[in-house]
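Enquirer: Starting off with a structure, shown below.
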Amino acid sequence: MPLLPNEPRVIDETVQQALTEQFLMPAIGELMVLFVDLRQSLDTKLSQLRPLKQDKPYPLGQCLEISEAIFQHLRNLNPCTLKPEAACGFNALRNFVRVGGSVRQVWGDLRGEYFQNALLLGTLYVDVANDTVNPYKQPVEILPFAEAKFAPINDFYHFSMVAARYWQACVYPNHLIPSLAPYFPLISLTADGFVQVQSASNYMIALTQAGAFYPSESVLKQALMAKNLFNFMHGRLAALSVTLAAEPKIGQTEALAMCACYREQREVEALKQRDRSVREVLHINAELARFRIKIK
């Protein structure tokens, strides 16, 4: 099956395992030094860019920001700026890539407990943000991918299960904004009162597109969105240029109709709709992030 964006899965495992054993395993200590040094060099900048995320101090909750920064930094890294051990690790990685080794940023379910962003180097799981849930852990962890217990998210039910555990969140079907529901069929409410429309990740968007929006349709058919949350969000978003359902049952009917409609779109139309939906949900989530809600 084709890879979804950032899917934590090894393609051509036999080839990647052989290349990993040849190029990376002999330099595993140097690779650890490389990634620890990169993390230390970026921490000050990243903590200044975003000292807090959902009221939690850096690095908590910032595995995406850290992983993306290190992945991008690797692409433009000058090995002459590195310490000898780190430079040795970088050279091993560069030689690995030159002969077909795969280096990707991935996202998924870590041990059934967290959403996590990490790097996949051949058949090595490299977590450069290992301290973003527990700040007392070492910032970098390197494991064989087969031992990491890092799995793709299967569907929106799987997403909801991890969100409930990781964020201490209640997750509801998106019966408020029908036009966005095919791409973003869930609304999460954390124990701290943060509300967000879910999930604005390339992987989850691609997952429901690949499933012709049936993954979204499945969760949208579930019990109606909580009325008090619906009313809170309706009040907060009423001033935005977004069409809101009048009440949850109407929203459910309209959301399911939108899934059927989007299923019939041609490729060009679908791409434009996806881009519009992403821009809109980012704007909505930024507005929602300004408020807290407690639902009993």
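Every number in this text was worked out from the coordinates using simple rules, so none of it is lab data. Predicted, not measured: the structure shown is a model, and the values here were computed from it. Backbone-built Cβ (ideal geometry, glycine too); neighbour counts: all protein chains shown.
Enquirer: Per residue of the range 95-112, in order, report the coupling 6.51 cos²θ - 1.76 cosθ + 1.60 (Karplus, θ = phi - 60°) as ³J(HN,Hα) in whole Hz, putting x for Gly and Pro.
Expert: 5, 4, 5, 4, 9, x, x, 9, 10, 9, 8, 10, 9, x, 9, 9, 6, x
Enquirer: Points 7 angstrom from Cα along the Cβ direction at Ala151 and Thr253: gap in nanometres?
Expert: 3.8
Enquirer: Given charges of +1 on the Cβ of Lys and Arg and -1 on the Cβ of Asp and Glu, with all other atoms neutral, how large is the dipole of the range 156-288 about its Cα centre, in debye to the nearest 20?
Expert: That gives a dipole near 100 debye.
Enquirer: With only Lys, Arg, Asp and Glu charged, each at its Cβ (+1 for the first two, -1 for the last two), find how big the charge dipole of the chain is about the Cα centre; round to the nearest 20 debye.
Expert: Charge dipole, the chain, about its Cα centre: 800 debye, nearest 20.
Enquirer: OK, next. Per DSSP H run of at least 4 residues, take -39500 (n - 2.57); add these up for the chain, divide by its residues and hand me the 222 nm value, nearest 500 deg cm²/dmol.
Expert: Calculated from helices alone, the mean residue ellipticity at 222 nm is -14500 deg cm²/dmol.
Enquirer: Pick out which of Asn76, Asn154, Asn202 has the largest mean-square fluctuation in a Gaussian network model of the chain, springs linking Cα atoms closer than 10 Å.
Expert: Asn76
Enquirer: For the pair Arg290 and Val97, what calculated FRET efficiency results from E = 1/(1 + (r/R0)^6), where r is the Cβ-Cβ distance and R0 = 51 Å, to the nearest 0.05?
Expert: Rounded to the nearest 0.05, the efficiency is 0.75.
Enquirer: Straight-line reach from Lys294: which lysines fall under 20 Å, measuring Cα to Cα and dropping same-chain residues less than 8 apart?
Expert: Lys53, Lys56, Lys227
Enquirer: Loop-only check: which chymotrypsin sites (Phe, Trp or Tyr not before Pro) in the range 99-146 are DSSP coil with at most 13 other Cβ within 10 angstrom?
Expert: Qualifying residues, ordered by number: Tyr136.
Enquirer: So, one more: Kindly put Val171, Val15 in sequence by how many other C-beta atoms sit within 10 Å of each C-beta, fewest to most.
Expert: In order of increasing Cβ crowding within 10 Å: Val15, Val171.
Enquirer: Place a label point 7 angstrom from the Cα of Ser241 along the Cα-to-Cβ direction, then list the residues of the range 249-272 whose backbone nitrogen is under 20 Å away.
Expert: Flagged as within label range: 272.
Enquirer: Indicate the gyration tensor shape class of the range 13-151 (rounded, prolate or oblate), computed on the Cα atoms with a ≥ b ≥ c the square roots of the eigenvalues: a/c under 1.5 is rounded; otherwise a/b larger than b/c is prolate and the rest oblate.
Expert: Cα axes put the range 13-151 in the oblate bin.
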